[in-house]
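Some notes on the structure that comes next.
Coordinate-derived values only; no laboratory data. Quick caveat, the model's predicted, so the values are computed rather than measured. Cβ placement follows ideal geometry from the backbone for every residue including glycine, while neighbour counts extend to all protein chains displayed.
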Amino acid sequence: MTLTYLPYDPDWVASIRDGGPDAYGQPAERSISDGTGNPCRHCLTDIPKGAEMLICAARPFPDPQPYAETGPIFLCADCLPYTGDGLPPVLASRKECLLKAYGADNRIIYGTGQITPTAEIEEYAGALLSDPKVAYVDARSATNNCFTLRIIRTL
């Protein structure tokens, strides 16, 4: 099994960059990165100090429902989606993250949520994804619970 790290949907990101509505129906706020703690959910790197960025509400689930968490995310004002292999910089540069497994119904699989040290992310995500009930794993900030990226299995 190979783990694939998915950036936020490129079509949604393009819409946000063009002034489209976020998960709360608002246009993104424009700001300048201070260079600390501004991970882009599209290129999966930290937004450099002085670079223009967008702040918006995101719901990385297809439909509203009780488990479809919505929260703030950062996006570079202009970047390409992550296409790399292995642990993306946005995770590799952190001490830890929160990993949670979800089923095909987009609901949390109870008991899977775990603050995971960076060195153990691939092992824990792989163990979760080896369970056929698990459709994907979301990585979130260990300190703020903001959505970072989605992990899926590929063969």
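Sequentially through region 114-125, phi angles give Karplus couplings (6.51, -1.76, 1.60; θ = phi - 60°) of 8, 5, 10, x, 3, 5, 10, 4, 5, 5, 5, 4 Hz, Gly and Pro residues having no value and appearing as x. Counting 0.36 nm for each residue step from D9 to L155 and taking away their Cα separation leaves a gain of 50.4 nm. Subtracting the Cα-Cα distance of T2 and D63 from 0.36 nm times their residue separation leaves 19.2 nm of extension gain.
The value of relative contact order for the chain, using C-alpha pairs under 8 Å at least six residues apart, is 25 percent.
Looking at region 105-154, the chymotrypsin sites (Phe, Trp or Tyr not before Pro) that sit in a DSSP loop and have at most 15 other Cβ atoms within 10 Å of their own Cβ are Y110.
Ranking of M1, M53 by neighbouring Cβ atoms within 10 Å, starting from the fewest: M1, M53. Straight-line cross-link reach from K133 at under 17 Å between alpha-carbon atoms covers these lysines, not counting any fewer than eight positions away in the same chain: K100.
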